[in-house]
Every structure is written in C-alpha cells, then in structure tokens.
Amino acid sequence: MKLLPISLDQVQLQDALPFDLLTANGLLLLPANRRLESPSALTRLRGHGQVYGPARDVEAWRRGLAHAVHKVVRRNAPLLHLARARPELLYGEQGVVAPGEEWSDLAWRLNAALQEPGNGPGWIERVQEVHARLRALPAQRYDEALFHYIHHGACNTYLYSSHQALRCMLIASETARRLAWEPERIELLDRAALLMNVASWRLQNQLARHHGRLDPEMRAELQRHPDAGAQLLERSGVSEPDCLDAVRLHHDASLAGRPDGELSTGERLAVLLRRVDIYCARLSRRAGRGALSALQAASHVCLGADGQPDAIGAALLKAVGLYPPGTFVKLASDESAIVLTRGDRANQPLAVALSDAQGHALQEPRLRDTAEPGYAVRAALRPEQMPVDPPMAKLLALRVANDERVRLASAA
C-alpha cells in the first residue's frame, strides 16, 4: 500500500481524520475517525516521527480540504476560520464543480446530510437534493458515474457509506428499469437505496476500516439498523410505506425464497435492494479484505441455484455488464486494463490498457475495444492484481475523446 506523509498539525486541528495514521512501515498509530483524547496522545504520536496515511485517502482528503480553504478565502473569513477549515465546508456550497468531480461532490454532500440524521428539519431535503442532482445528470454519463463509484470502492474506504449508497442507487435503478418497473416504484427504490443505512452511517464508515472481529455492541447495532433506520425516517417525515418497508427489510434473506406475486411493493424493493447491496459490497474493499473481481462478485449475486442468472441477476448484468466500468481485466493481448464503459454486449466493454504483457506501465494508456478478438477480455482481475495505478487525468481525456467520437458517429 502506497503511503503519503501527513503533518501532525493537521491531526491536532481536525476533530478526527477519516483515514488511519501509520508509521512508514505500516504500523497503525491512530485508527480512522479516532479523536485525540489528550495532548499527551499527540505527544506520543510525535515520538514516532513522520506519520503517514493511505495515499488515495490522503489525496482525496487533501482535495476536499483545499476546496474548503478556497471557499473560506473567497468569503474573506477570519484567519482562525482558515486555520480550522475542514472538508465539510464543501457540503453546503452550490458552486460549479469541475467536470469529472461531480461524483465525489455528491458523496461529500450525502455524507454531510447523513452525519447527524434527525438533527434538524433539513437533512431529508439535503438527501433529496443529492438524489435530484444525480438524476439530473445526462443518461449517457451513467457509465462515467459507475466508473467513479465502482473504482473508488475497489481501491478506497474513504466515505464508504456515501459511495456505497450512491453505487446502490445507480445500479438498483438501472436494474429496475431492465425489469420494466414503473417510474414511481423506481423513485421509491432510489430513496431507499440512499437511506437504507441511515441508522448505521458512522458505523459503516468505521467498519470499512475495522480490523478483526466485531465487538458485541457493533454487532448489535448492525442487526438493529434496518428497523432503527425505518423508525428514524418515519419520525423525520418520510411517509411512503413502501420506502419504509424497503429500508426495514433490505437485509431480510427470507423474502428471496417467496414467489414474486406474493410480495408487497415494499418487499419487492427490499429484495432487489438486498441483491444490489451485496453485489456492490463485493466489488468494494474493506479493511482486511480486498475487492473481488467483477466475475467473482457476479457469481455471488447474479446466479440462481442452477448456476444460471435468475430474473434479477440477468437484469443486474444487463445494467452494469459482466465487466462494469471501473473494474480491471486482462486482455487477450496480455495487457492489463481498466474498463471505461459498457459495450453493446455484456462481455465486450470498452477498456483502457494500462500495462503491457510484461506488466510494465504503458507510457500512454490505450483504448481497447474488447469486441475485437485480439483485445477480448480473457480474465477479470482483482484490484491488487493490477501492476499499475490508473492515471485518472488521462482516462478522463480518453473518455471525453471517445464520447466526442461516438457523438460524431451518431450524427453522421
């Protein structure tokens, strides 16, 4: 795991950092989201010399902090506010977000809304705003959103709950459309996906970084969070019974064994949401467990007892492809690649080769249409099997160029 140094002054100024603090050798010094309890705790940290955090998490946190500082400066706030700037200052801003950063921005906003659910009247409206902003994005950017949320989950635990909720909303909605659900039911599904973990938001973030066994208190909170979440939502003014049922039942495995005709609308929402939740979790890393490959995740969720996809499994595979955007693959050319967009067929995505057959990074990433036999997908890879990290700026440029090529071809 690549590490980046971090100043202990930032540890002192922030209430808690959202990533582990480690020594250069990877020894855990301070778990994520743990506040310093006393000045002596900071002194002990200083005794270890330079401290570090996981590179991807530190970079994401620094981007958020830089945005927050920029906003403080623009408001001509006192210097004390500048010194205490936190990424959370982003949450209430309505400014323009740079292309490609909408997805991170939505995760920040959702996390802000659900930090203290039930604390004040506006938090439900803030969740609805996130939903509306995601739904307002053009349909052709679905692959781009999938790429961000799936790749982030495979490689980061930062803001785990937000990214899992947004992943589930996107994939569940598209799966429901493939099942020909009516728009009103999909709207309820969207809300349930964003709110299903409302009663365990902080715990889910913590567990993404938790090593070892769960203590009894954690286990009890996980077991009661579906019921607790539905009760919290009802107290907060959510009145749709089917949405509340979906949240209450989204971990109920017994519903999957009942005929669809015997299920209420809320139960049908819960059955689909549970499958998508498991699928997205399998594609995401947690402390002590790496993300599965796309094929491994699909085999856990999409196949019935006979080894063939059932109705929901088949619709899910149509919604994301066999190799979803943001996952990694090995090509027939022996190149290792990251999937950029879905293709016309579930097993033929458009990918970007990042390393050659010897595992050496390509000087420039190269688009590969896996419908061509020489670049067909030969295997799905887990993130740790990739020999190089994706150069995100170059991938964004390739995406823009490919979208323009598709647009011109459609107009011809």
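Taken together, the values in this text are just the output of simple stated rules run on the coordinates, not laboratory data. Not measured: the values here are computed from a predicted model. Every residue, glycine as well, gets a Cβ built from its backbone with ideal geometry; the counts of neighbours run over all protein chains shown.
Summary table below
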read-out: Burial ranking of peptide ranges 222-230, 291-299 (average Cβ count within 10 Å, highest at the top); value: 291-299, 222-230
read-out: Computed FRET value (nearest 0.05) for ARG407 with SER239, which takes r as the C-beta separation and R₀ as 41 Å; value: 0.45
read-out: Global geometry of region 202-309, whether rounded, prolate or oblate, following the gyration tensor of its Cα atoms and the 1.5 cut on a/c; value: oblate
read-out: Efficiency of FRET from Cβ geometry, GLN358 and ASP227, R₀ 45 Å, rounded to 0.05; value: 0.25
read-out: Of (1) 1.11; (2) 0.94; (3) 0.96, the label for Rg/Rh (Cα atoms, Kirkwood Rh) derived from the coordinates; value: (3)
read-out: The chain - percent relative contact order, Cα under 8 Å, separation 6 or more; value: 12 percent
read-out: Anisotropy class of region 328-411 from Cα gyration tensor, a/c 1.5 cut; value: oblate
read-out: Under 25 Å between alpha carbons - lysine pairs in the chain that sit 8 or more apart or on different chains; value: 4
